[in-house]
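Student: What follows is a structure written as structure tokens; I'll ask about it next.
The values are calculated or read from the model by the stated rules, or taken from the named source; none is laboratory data. Being a predicted model, the structure only gives us computed values, none of them experimental. Glycine also receives a Cβ, built like all others from the backbone with ideal geometry; neighbour counts cover every protein chain displayed. Please note that ligands, DNA and RNA were not included when accessible areas were found on the heavy atoms of the full protein model with its side chains. Shrake-Rupley method; radii C 1.70, N 1.55, O 1.52, S 1.80 Å.
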Amino acid sequence: MIDTIKTILTINPKASFNIINENNIETIVWQNGTTPIPANEILAKQQELIAEYNAKQYQRDRAKAYPS
């Protein structure tokens, strides 16, 4: 699954932050002058990454069925 940490780092690879509760996006504490990313942008990007991951299921299945 695509977690919040991976999503944030996809948007801003240099982001500095701490998440108090992984299940609550509102508990992100932005650190070291990192510009906060709005929750709706994080959630939208997360849905995009999930869709991309799901679209590649066939490739993962083939790799398992036909190892090199």
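Student: Consider Ser68 carefully, then state whether it is open to solvent by less than 80 Å² (accessible area, probe 1.4 Å) and either modelled with pLDDT under 95 or more than 11 Å from the chain's Cα centre (by Cα) (or both). Don't jump to the end; show me each part of the working.
Tutor: On the way: open to solvent by less than 80 Å² (accessible area, probe 1.4 Å): no; either modelled with pLDDT under 95 or more than 11 Å from the chain's Cα centre (by Cα) (or both): yes.
So Ser68 does not fit the description; no.
Student: Continuing with the same structure: Out of Glu26, Glu52, Glu48, Glu22, I need the residue that is acidic (Asp, Glu) and in a loop (DSSP other than H, G, I, E, B). Which one?
Tutor: Working: Glu26 fails: in a loop (DSSP other than H, G, I, E, B); Glu52 fails: in a loop (DSSP other than H, G, I, E, B); Glu48 fails: in a loop (DSSP other than H, G, I, E, B).
From the options Glu26, Glu52, Glu48, Glu22, the qualifying one is Glu22.
Student: Would you check if there is a residue in segment 27-36 being aliphatic (A, V, I, L, M), at pLDDT 95 or above and under 25 Å from Gln57 (Cα atoms)?
Tutor: Step one: filter segment 27-36 for residues aliphatic (A, V, I, L, M), giving 28-29.
Then keep just the ones that are at pLDDT 95 or above; that gives 28-29.
So of that shortlist, the ones also under 25 Å from Gln57 (Cα atoms) come out as none.
No, the conditions are met nowhere in segment 27-36.
Student: Here's something else I'd like to know. Can you report the number of residues in segment 1-19 which are outside any loop (DSSP other than H, G, I, E, B), open to solvent by 40 Å² or more (accessible area, probe 1.4 Å) and among the polar types (S, T, N, Q)?
Tutor: 2
Student: Please list, ordered by first then second residue, the pairs with beta carbon atoms under 8 Å, 6 or more apart or interchain, first in segment 48-68 and free of Cβ contacts under 8 Å to residues at least 60 places away in the same chain, second surrounded by 10 or more Cβ atoms within 10 Å (Cβ to Cβ) and among the hydrophobic types (A, V, I, L, M, F, W, C).
Tutor: Leu49/Ile2; Ile50/Ile2; Tyr53/Ile2
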